[in-house]
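Taking it in order: structure first as structure tokens, then the write-up.
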Amino acid sequence: MTFYLKMKNEKIAKILFEIGEYLELDNIPFKPRAYQMAALSIDNLEEDIQGIYNEKGIKGVLEIQGVGKGIALKIEEYLKTGKIKYLEELKRRKTIDVKNLLKVEGLGPKRISFLNKELGITNILELKQAIKKNKLKELKGFGEKSQQNILESIAFVETSGLRYMLSEVQKDVSMILEKFKKLKEVEKIEVAGSYRRKKETIGDVDILIASSKPKKIMDEFTSFEGVSRVWGKGKTKTSLRMEKGFNIDLRVVPLGSFGSALQYFTGSKEHNVALRRLAISKGYKLNEYGLFKEGVLKAGKDEVGIYKKLGLQFIPPELRENRGEIEAGLKRKIPKLIELKDIRGDFHTHSNFAGTLISMEEIVLKAIQKGYEYIGISDHTKALKIENGLDEKELALQAKEIEKLNKKYREIRIFHGAEVNILKDGSLDIKNSALKELDFVNIGVHANFKMKKEEMTERVLKAMSNPYVTCLVHPTGRIVNKREAYDIDLEKIFEFANLRKILLEVSSSHRLDLNDYNIKKAKEKGCKFLINTDTHMLKHMDRMKYGIYQARRGWLTKKDVINTLPLNKIYGKISRSNNL
């Protein structure tokens, strides 16, 4: 039950964030920030809040950083009743669809409140109608360009809104698997589909079970906590919707066909079509029931047997997209893909030195707990005021604190870096005299995303020309399901990165940037990578696995990723100043 209990932390944090957003609409000082800070603390908890309350009552809740008496009482109300009346009152009082309007890039609570006051806008449909009538461009602080950007963002939100990030569904899926594995009727179980291929977003979840007694399994499935609707329940297939909004299809098959069913339902469609063609060329027939020759079953109990019979090296699910994996499998050239256990450190973490909730020491202790050999602190720099970016003097002060931590924690090496802003003209917002004192320098675009392709490309290339740059982080600026990549010539970026030995980031955060397609392209250009978490909360350090999934889909091996190297080999790879 651990997964479900810790999901309560998420639910409470989301409710508190939502209350803060509604309060911000009214421009109430201090209160929104109090709810947001409490939400961040709860979302960052290592323990489940229900357990804390069960053990210590409201006193235990009050011990959580940032939680005062008023918020503690509302948390207690949720733990007892499953809802908070205060939020319902706010929703009744304000008929604005804050949750969905906030998905639109360029809109925050203050802007939403302003649009409601000036134009009566309460939802995305009304916002679109106002833009079509050119009403926004007349308002203070908007203009024609801003209006067009918002319209483009709405279109992006509408097309991506039906898909969910892996990180959004993984806890629910893990909870379901945990429950199923306790049933004696379940002989084998696997998640199939795009979830198993570790695509960055999924439409629904496919679960496959081998069993000779499907009824008990179907009855158990439809009674799981977190289920909001059952679409259909049959003897071998049941479909339902979870509270978060995504659907799950469960299929029960005989043990003898489990491997072929798993291969078929894992997909992708393009991979399966190519595999069936190969099977036909070798005199076989392949379907979800097995691999047959002249009507006789030749393989099907497991996937390995199917690929082997077809003369193929086993193809990992992440590569099954018909992007050359069949050809590579026939030549025995499928690479050994990187694994989570290969990672020895993380070079993109943010501390409360620049305004997050977590201290550098907490980051270090978490890194030690994860068994890392090294960890990199890389706070934002001064041009990014919203993140309390550090200037040259503050970076020098931070260096002294990191030096103290290195003396205190001898079992790990703490590297001092920064996430430096690429300004509109391609210059960096920190002087070279300060950059050369850092152990590593990450650079990234954080503003002015709507530049023309040629201008953006030149901007980033100029920044990469700085002699102290280590890594280009989130290279396309995208945020999955929120913001599209900016227009940039990645071929030129990859060629220059390879020439200058500048690393490219695979972000494990909600950005997942680079994407799998571009990772493979960059690898083919000879580039090397860092897989980082972009940690702003302690629990973010646990999301390294999502970057690993992305890297595997991009065909990366351990040798392609610099933060798989042992400590004694990492120095020269991350510190540019040592090589000048």
Report task. Determine the relative contact order of the chain: mean sequence separation of Cα pairs under 8 Å and six or more apart, normalised by residue count, in whole percent. Result -> 10
Query - Total formal charge among the other residues, if their Cβ is under 10 angstrom from that of Lys298, Lys/Arg +1 and Asp/Glu -1 - result: +2
Query raised in the report: Restricting to segment 163-253, what percent of DSSP beta bridges are antiparallel, rounded to 5?
Result: 70
**Report entry** Exceeding the 30 Å Cα-Cα cut-off - candidates Lys366/Lys559; Lys117/Lys145; Lys385/Lys436; Lys404/Lys539; Lys103/Lys424; Lys83/Lys385
**Finding:** Lys83/Lys385
Report summary line: Rounded to the nearest 5, the percent of antiparallel DSSP beta bridges in the chain equals 45
Query raised in the report: If r is the Cβ-Cβ distance from Lys137 to Glu225 and R0 is 51 Å, what FRET efficiency results, to the nearest 0.05?
Result: 0.60
Report summary line: One would report the antiparallel percent of DSSP beta bridges in segment 340-579, rounded to the nearest 5, as 5
**Report entry** Rough spin-label spacing in nm, given labels placed 7 Å along Cα→Cβ, for Leu73 and Val304
**Finding:** 6.1
Query raised in the report: For segment 1-94, what is the relative contact order in percent, using Cα pairs closer than 8 Å and at least 6 residues apart in sequence?
Result: 28
Query raised in the report: Fully extended, how many nm does the chain gain between Glu152 and Leu87 (0.36 nm per residue separation, minus their Cα-Cα distance)?
Result: 20.3 nm
Report summary line: One finds, for Lys559 and Lys128 with R0 = 56 angstrom and r their Cβ-Cβ distance, a FRET efficiency to the nearest 0.05 of 0.70
**Report entry** Relative contact order (%) - criterion: Cα under 8 Å, at least six apart; region: segment 340-579
**Finding:** 20
Query raised in the report: When ranked by the protection proxy of mean other Cβ atoms within 10 Å per residue, highest first, what sequence do the peptides 459-468, 234-243 form?
Result: 459-468, 234-243
Report task. Answer with one residue from Gly66, Asn421, Cys471: the one whose Cα lies farthest towards the positive end of the charge dipole of the chain, charges on Cβ with Lys, Arg +1 and Asp, Glu -1. Result -> Cys471
Query - Distance between modelled label sites at Tyr289 and Ser427, nm, 7 Å Cα→Cβ extension - result: 7.2
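Coordinate-derived values only; no laboratory data. Being a predicted model, the structure only gives us computed values, none of them experimental. Please note: Cβ atoms are built from the backbone with ideal geometry, for glycine as well, and neighbour counts cover all protein chains shown.
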